[in-house]
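Undergrad: Before I ask anything, let me first share the structure, which is written out below as structure tokens.
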Amino acid sequence: MAGQVIRSCPVSEFWKAAVAEHDHRLVLSLLAAGLRLDEARDVAQEAWMRVMESAAAGRLDRIELPGLVLRQASFIVTDRV
């Protein structure tokens, strides 16, 4: 699933698979950016929720992972500084 655009999976099944595949990489990237583990996990969870909410609201033309969630997490980190 890495780097693919996926539209045909049911949303819940899609998100379970996406989080399972990409969450570890997301948390590691946040740790590399200097966040503590608890902060990285919080930001990762918030990033996933924002992306899922945007998808459910129809605001996303496509979902490309892990890039989309990595960008969302970087926006959250920037907003917190």
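The values are calculated or read from the model by the stated rules, or taken from the named source; none is laboratory data. Computed from a prediction, not measured in an experiment: that's the story for all the values here. Note that we place each Cβ from the backbone using ideal geometry, even for glycine, and neighbour counts take in every protein chain shown. These area figures cover heavy atoms from the full protein model, side chains too; ligands, DNA and RNA do not enter into them. Shrake-Rupley method; radii C 1.70, N 1.55, O 1.52, S 1.80 Å.
Undergrad: Where in the chain is the longest stretch that carries no trypsin sites (Lys or Arg not before Pro) classed as loop by DSSP and with at most 12 other Cβ atoms within 10 Å?
TA: The answer is 8-35.
Undergrad: Might you tell me the accessible area per residue for the chain, computed with a 1.4 Å probe and given in Å²?
TA: Value for the chain: 65 Å² per residue.
Undergrad: Next question. Quick one: angle between helix 67-80 and the longest Cα principal axis of the chain, in degrees between 0 and 90, rounded to 10, please.
TA: On a 0 to 90 degree scale, this one is about 40.
Undergrad: So, in nm, how far is label Leu28 from label Phe75 when the simple model puts each one 7 Å beyond its Cα toward the Cβ?
TA: For the pair Leu28/Phe75, the computed spacing is 2.5 nm.
Undergrad: Here is a follow-up. Return the calculated 222 nm mean residue ellipticity for the chain, to the nearest 500 deg cm²/dmol, obtained by summing -39500 (n - 2.57) across DSSP H runs with n ≥ 4 and dividing by the residue count.
TA: The helix-only estimate for the chain comes to -23500 deg cm²/dmol at 222 nm.
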